[in-house]
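The values are calculated or read from the model by the stated rules, or taken from the named source; none is laboratory data. Everything quoted here is computed from the prediction, not taken from an experiment. FYI the Cβ positions are ideal-geometry reconstructions off the backbone, even for glycines, and counts take in every protein chain you see.
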Amino acid sequence: MPGRRRDQRFTLSVPWEGALRVPADVTIEGYGDNEVWVVSATPAHRDELLTLDAIGAGPSVTMSVRVADSLPVLIDGIVRHRLRLAIVG
Amino acid sequence: MNPNPLEGPEVIGMLARNVPTRLVDISRTGCLLESAQRVEVGTVGELRLQLQQDTFVDDVRITRCVLVEGSGSNYQVGAEFVQTQRPGERSIRRAIAAILRGLDTTVRLKRAPAKAAVVNSVQTTGEEAS
């Protein structure tokens, strides 16, 4: 079958559980009290738990965040999504 | 409440979501996962798999995502390993190679049935080596 994986596949005797970490670049607009505003190319579900790495001039900061709001906005003629993220850890 | 706007150079960030998955089958160049969430084809991400006390990691590109009929929201997700660097010590590819060579005897692999190999097949670019 063309375009299909050609290698022999194997199943495992014990299940492998895990997670797929899907990153996306965002622009950080500002901070509030325990909140961060970012602009993203994609929307997010309210209450979704995510990880945010803030990368500035200093060392990057990693924080756990919960999506509080996700609103479409028009920036330079392109639809983006402004996310309000509550810092949870 | 409005944000306090940042001054100076633009601050960028990386927002990451974790999609829980379970490995269904695996080959040298890719794997089939099950997930309760849909993942866009073309997405590149980091796959972390837990086996007993060990965690294995590799970068993957999603090549296929199909809702399993009659399962509610259970998706079969095809992924190919992104081979841009040598597999590290905790690489999934390296772990599978070790199991296949019999170096790791805590896990056994068995060949996926031919039917599953067709049903669970994964679209690729066709550029991978056999």
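Observations, loosely collected:
Table: residues versus (1) under 20 Å from the mean Cα position of the chain (by Cα); (2) outside any strand (DSSP E or B); (3) within 30 Å of residue B:50 (Cβ to Cβ).
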{"site": "A:6", "(1), (2), (3)": "no, yes, yes"}
{"site": "A:38", "(1), (2), (3)": "yes, no, yes"}
{"site": "A:47", "(1), (2), (3)": "yes, yes, yes"}
{"site": "A:89", "(1), (2), (3)": "yes, yes, yes"}
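- Candidate set from the range B:60-89 (those that are surrounded by fewer than 18 Cβ atoms within 10 Å (Cβ to Cβ) and assigned to a strand (DSSP E or B)); member that is nearest to the chain's Cα centre (by Cα): B:61
- Here residue B:53 meets the list (1) of a type outside the set (Gly, Ala, Ser); (2) at pLDDT below 90; (3) closer than 26 Å to residue A:62 by Cα; (4) buried (at least 16 other Cβ atoms within 10 Å of the Cβ) almost entirely, failing just condition (4).
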